Amino acid sequence: MSQTTASALRHRVTHGPLLAVPGAANALAARVIEDRGFEAVYVTGAGLANTYLGVPDIGLVTLTELVSHVAAIRDAVSVPLVVDADTGFGNAVNVTRTVRLLERAGADAIQLEDQAAPKRCGHFDGKELVPAQEMVGRVRAAVDARRDDDLLVIARTDARAVEGWDAALDRAHRYVEAGADMIFVEAPRTEEEVRALPSALPVPQVVNLVEGGRTPLLPLSELGGFRIALFANVALQAAVRGMSTALDRLRETGSLAEVADQLAPWSERQRLVGKPAYDELSARYAAPADPAG
């Protein structure tokens, strides 16, 4: 029996080494990430909010919109997908439906967090948490709802910024007891906190590295105790910078020729979206020529 993406991801998370996972907000970004040799894709909630809706990461994306994007990304790439499901879109009953829909759409790992609605980016101020017991219910519901036991349930706590370091660890332990396969303590503030996490909890852990965020940006070589390192916004931020640079030059010069060195070539764009494969399909299923003319 061939290995599924979910079983491959679980094996990697269990046995290591550390997996670097860039974020994608759409299928094209996911294709680029896979094409550049990365072994998994993070379907980023912040990126989806920014890219699809043009809004900040404050809980405005709906479950239906997320599921649609996950399905499109799953169809575009063959590597495992780690999906940011925010708060699970409600209480434990809502989480049950969220997990089933995302698993059906192609998620191999689903991340849930302990914020209250409306949630906020983990590096924003003003976050509020649900009681720990409510998050325990979300985790238990997610574990019970999955159809494939290899699907990873990642429990994220934002308690470091709201209740402090000790409270974050206490919540994390409770989420492990509820059945979480991985723990994600968001936004540790110091290098010492980051380095302490891998030995502080009995399950594999996620670290999130965000330019402009609150977590120290340690290199992968110093994060070996973790199992997943998220780079949720690198592709998005690079794309915004690239678009701005190219459009500024176009506005200034009025010449596409002056912008060409800032653009991916036409042939590269078509390769990334798989045009040659679609050309082959068109040729294979084309109607034969009418011999009668």
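Looking at GLY88, is it in a loop (DSSP other than H, G, I, E, B) and buried (at least 24 other Cβ atoms within 10 Å of the Cβ)? Break it down stepwise before answering.
Details: in a loop (DSSP other than H, G, I, E, B): yes; buried (at least 24 other Cβ atoms within 10 Å of the Cβ): yes.
So GLY88 fits the description; yes.
Quick one: which of LEU18, LEU63 is assigned by TED's automatic domain parsing to the domain that holds LEU102, touching a strand residue (DSSP E or B) at 6+ places or on another chain (Cβ under 9 Å) and touching a residue at least 24 places away in the same chain (Cβ under 8 Å)? If you could, list the steps in order and put the result at the bottom.
Working: LEU63 fails: touching a strand residue (DSSP E or B) at 6+ places or on another chain (Cβ under 9 Å).
Only one candidate passes the filter, namely LEU18.
Yes/no per residue for (1) under 19 Å from the mean Cα position of the chain (by Cα); (2) hydrophobic (A, V, I, L, M, F, W, C); (3) under 30 Å from TYR175 (Cα atoms):
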site	(1), (2), (3)
PRO216	no, no, yes
GLU222	no, no, yes
ARG227	yes, no, yes
VAL259	no, yes, no
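Quick check: anything in the range 167-179 under 25 Å from ASN50 (Cα atoms) and either aromatic (Phe, Trp, Tyr) or outside the structural domain of GLN111 (by TED's automatic domain parsing) (or both)?
First pass over the range 167-179, keeping only residues under 25 Å from ASN50 (Cα atoms): none.
Looking through the range 167-179, none of the residues is under 25 Å from ASN50 (Cα atoms) and either aromatic (Phe, Trp, Tyr) or outside the structural domain of GLN111 (by TED's automatic domain parsing) (or both).
Give just the number: which of (1) in contact with a Ser or Thr (Cβ under 9 Å, 6 or more places away or on another chain); (2) in contact (Cβ under 8 Å) with a residue 40 or more places away in the chain; (3) surrounded by fewer than 16 Cβ atoms within 10 Å (Cβ to Cβ) does GLY23 not satisfy?
(3)
Output the residue which, of all residues in the range 139-148 that are touching a Ser or Thr at 6+ places or on another chain (Cβ under 9 Å) and among the charged types (D, E, K, R), is nearest to THR98 (Cα to Cα). Walk me through how you get there before you give the answer.
Within the range 139-148, the subset touching a Ser or Thr at 6+ places or on another chain (Cβ under 9 Å) is 141-142, 144-145, 148.
Subsequent filtering for residues that are among the charged types (D, E, K, R) retains 144, 148.
On the way: ASP144: 12, ASP148: 15 Å.
Checking each candidate, the answer is ASP144.
In this structure, does VAL83 turn out to be in a loop (DSSP other than H, G, I, E, B) and closer than 30 Å to LEU272 by Cβ?
On the way: in a loop (DSSP other than H, G, I, E, B): no; closer than 30 Å to LEU272 by Cβ: yes.
Here the answer is no, as VAL83 does not meet what is asked.
For the range 121-131: of the residues being within 28 Å of ASN233 (Cβ to Cβ) and either out of contact with any helix residue (DSSP H, G or I) (no Cβ under 6 Å at 6 or more places or on another chain) or surrounded by fewer than 19 Cβ atoms within 10 Å (Cβ to Cβ) (or both), which is modelled with the highest pLDDT? Lay out the reasoning, then the answer.
Taking the range 121-131 and keeping what is within 28 Å of ASN233 (Cβ to Cβ), we get 121-130.
Filter once more, keeping what is either out of contact with any helix residue (DSSP H, G or I) (no Cβ under 6 Å at 6 or more places or on another chain) or surrounded by fewer than 19 Cβ atoms within 10 Å (Cβ to Cβ) (or both): 122-126, 128, 130.
Values: GLY122: 69, HIS123: 78, PHE124: 76, ASP125: 80, GLY126: 77, GLU128: 93, VAL130: 97.
Selected residue: VAL130.
Out of all the residues in the range 165-224, which are hydroxyl-bearing (Ser, Thr, Tyr) and without any contact (Cβ under 8 Å) to a residue 24 or more places away in the chain?
Taking the range 165-224 first, the residues hydroxyl-bearing (Ser, Thr, Tyr) are 175, 190, 199, 215, 221.
Of everything in the range 165-224, just one residue is hydroxyl-bearing (Ser, Thr, Tyr) and without any contact (Cβ under 8 Å) to a residue 24 or more places away in the chain, namely SER221.
How do the pairs read when you match residues in the range 67-85 that are free of Cβ contacts under 8 Å to residues at least 40 places away in the same chain with residues anywhere that are assigned to a helix (DSSP H, G or I) and buried (at least 24 other Cβ atoms within 10 Å of the Cβ), using Cβ under 8 Å and keeping only pairs 6 or more apart or on different chains?
Pairs found: VAL67/LEU102; VAL70/LEU102.
Determine, yes or no, whether LEU209 is within 26 Å of the chain's Cα centre (by Cα) and either among the charged types (D, E, K, R) or in the same structural domain as TYR175 (by TED's automatic domain parsing) (or both).
Working: within 26 Å of the chain's Cα centre (by Cα): yes; either among the charged types (D, E, K, R) or in the same structural domain as TYR175 (by TED's automatic domain parsing) (or both): yes.
Yes, satisfied.
Does ALA46 satisfy being assigned by TED's automatic domain parsing to the domain that holds VAL139 and out of contact with any Cys (no Cβ under 7 Å at 6 or more places or on another chain)?
Numbers: assigned by TED's automatic domain parsing to the domain that holds VAL139: yes; out of contact with any Cys (no Cβ under 7 Å at 6 or more places or on another chain): no.
Considered against the rule, which asks whether it is assigned by TED's automatic domain parsing to the domain that holds VAL139 and out of contact with any Cys (no Cβ under 7 Å at 6 or more places or on another chain), ALA46 comes out as no.
Out of the residues in the range 92-144 that are of a type in the set (S, T, N, Q) and in a helix (DSSP H, G or I), which is nearest to the chain's Cα centre (by Cα)?
Taking the range 92-144 as the starting set, the residues that turn out to be of a type in the set (S, T, N, Q) are 94, 96, 98, 111, 115, 133.
Next cut, in a helix (DSSP H, G or I) only: 94, 96, 98, 133.
Values: ASN94: 20, THR96: 20, THR98: 16, GLN133: 25 Å.
In this case the residue turns out to be THR98.
The values are calculated or read from the model by the stated rules, or taken from the named source; none is laboratory data. No experiment lies behind these values; they were computed from the predicted model shown. Positions of Cβ are generated from backbone atoms using ideal geometry, with glycine treated the same way; all protein chains shown enter the neighbour counts.
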